Amino acid sequence: GKTLTNTNTGKATLTIAKGATAAVKNGNVIGGTSFYTIQNNGTATLEDVTATAGNNDSSMIDNYGTLTITSGTYTGGLDTAKNEPNAKLTITGGTFTLTKGNSKGFTGVVFNYGELTISGGDFIQSDKSAPYAQAQVIHTDKSGSTVPSTVISGGTFKNLCSKTTAWTVRETNAANGATKVSGGTFNKSITEGYCADGFIPTKNADGTYGVKEGHYVAQVGSKKYETLADAIRLATKGKTIQLLSDATENITIAANKQITLDLNGHTLNGGTGTAKATILNEGTVTITDTSAGKTGTIKRDDQGIEGETSYYVIKNIGTM
């Protein structure tokens with residue numbers, strides 16, 4: 001319940017030394033006019049701590065060791081929490097707010113060079129007119145040979161800056177593939193490449209964004225679809241629909257459609273027992289395969305078993 005206040009001598013208010021293990025809880029930590037507010041070089045847990053930066057030229061929390069934050073309120077800094085290369089930062093709760101940018105700009109509410117895991121908490125970039133256009137909430141970067149890792153399975157993430165380059169989640173400097181989002185609520189859409197395996201971006205009913213389990217089957221231009229049927233239904237005249245993965249569907253190409261279907265090396269399977277063709281064409285369609293191996297396949301699973309309903313693979317009553 002007490003307060004630690006920085007003496008403005010160029011040191012962190014609180015430092016956990018290398019090799020030390022500490023639990024810090026139930027109090028206030030106030031930063032100074034320079035340097036970090038909390039620096040962890042050992043193994044530490046922060047619980048119900050209220051920590052405030054005294055400047056925005058350096059990180060508010062700097063982690064070189066293993067740090068777990070379970071709750072509390074953490075405000076300010078060049079970034080509110082920085083995780084250095086080879087360090088491990090785990091956040092399960094708490095509120096983290098980046099308040100004001102400067103000439104150095106924002107590196108993120110949480111800036112990660114090491115191993116970052118977030119399963120809960122609130123993360124807010126609150127400067128609506130941030131002078132640095134790339135204001136971010138979670139920023140993953142690569143330093144030297146260390147490969148960073150950012151895993152997000154929960155939490156709330158808000159970037160209040162109105163600029164188009166204000167992200168909630170971002171990777172830079174050859175950190176490609178480091179970020180894996182499988183949960184959480186965001187006020188800006190998540191890039192597909194930041195989703196964990198088996199997840200895709202989604203927009204929630206309340207206008208927020210997140211991810212959901214699923215995968216894309218087809219693409220028209222830059223727009224991706226979870227079903228081939230949707231891609232065909234929404235494709236305009238002359239467009240090419242390209243398969244992105246194998247699909248089990250029975251599709252109909254309506255009479256008013258004039259499209260190209262690119263199998264792209266994948267398999268379109270009409271299944272069995274439905275008495276529907278894999279492809280029923282009533283419109284105008286060109287079917288092609290642009291894959292190098294030319295392995296694109298259209299099939300059904302009929303095996304001639306007694307009692308099984310078999311049907312055509314392709315039924316064409318249009319122009320094919």
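Data for the structure
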{"quantity": "Residues being surrounded by 15 or more Cβ atoms within 10 Å (Cβ to Cβ) and in a loop (DSSP other than H, G, I, E, B) - total across region 213-225", "calculated": "2"}
{"quantity": "Filtered residues of region 301-320 (kept if closer than 22 Å to Ser245 by Cβ and either at pLDDT 95 or above or open to solvent by 70 Å² or more (accessible area, probe 1.4 Å) (or both))", "calculated": "Val313, Ile314"}
{"quantity": "Qualifying position, being open to solvent by less than 20 Å² (accessible area, probe 1.4 Å) and of a type in the set (S, T, N, Q), among Thr13, Thr37, Thr33", "calculated": "Thr37"}
{"quantity": "Whichever residue in region 18-30 is aliphatic (A, V, I, L, M) and touching a strand residue (DSSP E or B) at 6+ places or on another chain (Cβ under 6 Å) and, among such residues, is least open to solvent (accessible area, probe 1.4 Å)", "calculated": "Val29"}
{"quantity": "Residue, farthest from Tyr113 (Cα to Cα), within region 48-100, restricted to residues that are aliphatic (A, V, I, L, M) and open to solvent by 20 Å² or more (accessible area, probe 1.4 Å)", "calculated": "Ala53"}
{"quantity": "Qualifying strands (runs of 3 or more DSSP E) (wholly inside region 23-72; at least 1 residues being farther than 22 Å from Gly10 by Cβ)", "calculated": "43-52, 66-69"}
{"quantity": "Enumeration of residues in region 4-22 that are in a strand (DSSP E or B) and either more than 15 Å from Ala51 (Cα to Cα) or aliphatic (A, V, I, L, M) (or both)", "calculated": "Leu4, Leu14, Ile16, Thr21, Ala22"}
{"quantity": "Residue in region 77-92 that is over 18 Å from Pro148 (Cβ atoms), modelled with pLDDT of 95 or more, of a type outside the set (Phe, Trp, Tyr) and assigned to a strand (DSSP E or B) present", "calculated": "no"}
{"quantity": "Subset of region 270-297 (residues that are under 19 Å from Gln219 (Cβ atoms) and either of a type in the set (Phe, Trp, Tyr) or not in a loop (DSSP other than H, G, I, E, B) (or both))", "calculated": "Ile279, Val285, Thr286, Ile287, Thr288, Thr297"}
{"quantity": "Meets criteria (under 25 Å from Lys18 (Cα atoms), among the small types (Gly, Ala, Ser), surrounded by fewer than 19 Cβ atoms within 10 Å (Cβ to Cβ) and modelled with pLDDT under 95) for Gly144", "calculated": "yes"}
{"quantity": "Qualifying residue in region 194-212 (condition: assigned to a helix (DSSP H, G or I) and free of Cβ contacts under 8 Å to residues at least 60 places away in the same chain)", "calculated": "yes"}
{"quantity": "Matching entry among Thr52, Thr5, Thr15 (being touching a strand residue (DSSP E or B) at 6+ places or on another chain (Cβ under 7 Å) and within 19 Å of Val109 (Cβ to Cβ))", "calculated": "Thr52"}
{"quantity": "Unique residue being open to solvent by 20 Å² or more (accessible area, probe 1.4 Å) and either acidic (Asp, Glu) or at pLDDT 95 or above (or both) when the list is Thr202, Thr191", "calculated": "Thr202"}
{"quantity": "Of residues in region 175-193 being in contact with an Asp or Glu (Cβ under 8 Å, 6 or more places away or on another chain) and assigned to a strand (DSSP E or B), the one farthest from Lys128 (Cα to Cα)", "calculated": "Lys180"}
{"quantity": "Extreme residue, farthest from Thr208 (Cα to Cα), among residues of region 139-157 that are hydroxyl-bearing (Ser, Thr, Tyr) and part of a loop (DSSP other than H, G, I, E, B)", "calculated": "Ser145"}
{"quantity": "Asp127 vs. criteria more than 22 Å from His215 (Cβ to Cβ) and in a loop (DSSP other than H, G, I, E, B)", "calculated": "yes"}
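Let's see how each residue does on (1) surrounded by 17 or more Cβ atoms within 10 Å (Cβ to Cβ); (2) in contact with a strand residue (DSSP E or B) (Cβ under 9 Å, 6 or more places away or on another chain); (3) at pLDDT 95 or above:
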site	(1), (2), (3)
Pro148	yes, yes, yes
Phe157	yes, yes, yes
Cys161	yes, yes, no
Glu171	yes, yes, no
Ala174	no, no, no
Gly184	yes, yes, yes
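Here is a yes/no grid of residues against (1) under 25 Å from Leu263 (Cα atoms); (2) open to solvent by 50 Å² or more (accessible area, probe 1.4 Å):
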| site | (1), (2) |
| --- | --- |
| Asp206 | no, yes |
| Gly210 | no, no |
| Ala231 | yes, no |
| Lys237 | yes, yes |
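The values are calculated or read from the model by the stated rules, or taken from the named source; none is laboratory data. Here the structure is a predicted model, which means the values were calculated and not measured. FYI the Cβ positions are ideal-geometry reconstructions off the backbone, even for glycines, and counts take in every protein chain you see. Side chains are part of the model used for accessible areas, which takes the heavy atoms of the whole protein and leaves out ligands, DNA and RNA. Shrake-Rupley method; radii C 1.70, N 1.55, O 1.52, S 1.80 Å.
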